[in-house]
Amino acid sequence: MTRTDRLFATPSFIEGMARVLDLGATLTQYNASVTPKNADFAAISSDWVVTGNDIRSAMGQFTKEIDVEEK
């Protein structure tokens, strides 16, 4: 669960081209959830996963910098 665009539908290339001519936004679609609680849970958990990935990445980069300085 690493996606942050879970509630938005991902259009194809053809749909993207059609959106240029869609002045009334009639082609806009969203992925639905069974309940608002499920949508909130999915969004919040996805946010925490992404935050954890960012922290993990920063820790790895910091460790590499420390290792280089120690040599």
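The values are calculated or read from the model by the stated rules, or taken from the named source; none is laboratory data. Since the model is a prediction, treat every value here as computed from it, not as a measurement. Because the Cβ atoms are built from the backbone with ideal geometry, glycine has one as well, and the counts that use them run over all protein chains shown.
Just a few scattered comments:
- Filtered by the rule that a residue be assigned to a helix (DSSP H, G or I) and polar (S, T, N, Q), the stretch 30-71 gives ASN38, SER45, SER46, THR51, ASN53, SER57, GLN61, THR63.
- Residues of the stretch 21-63 that are of a type in the set (Asp, Glu) and within 23 Å of PRO11 (Cα to Cα): ASP22, ASP40, ASP47.
Rundown of residues vs (1) surrounded by 10 or more Cβ atoms within 10 Å (Cβ to Cβ); (2) modelled with pLDDT of 85 or more; (3) touching a strand residue (DSSP E or B) at 6+ places or on another chain (Cβ under 7 Å), yes/no style:
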position	(1), (2), (3)
ARG6	yes, no, no
ILE14	no, yes, no
LEU21	no, yes, no
PHE62	yes, yes, no
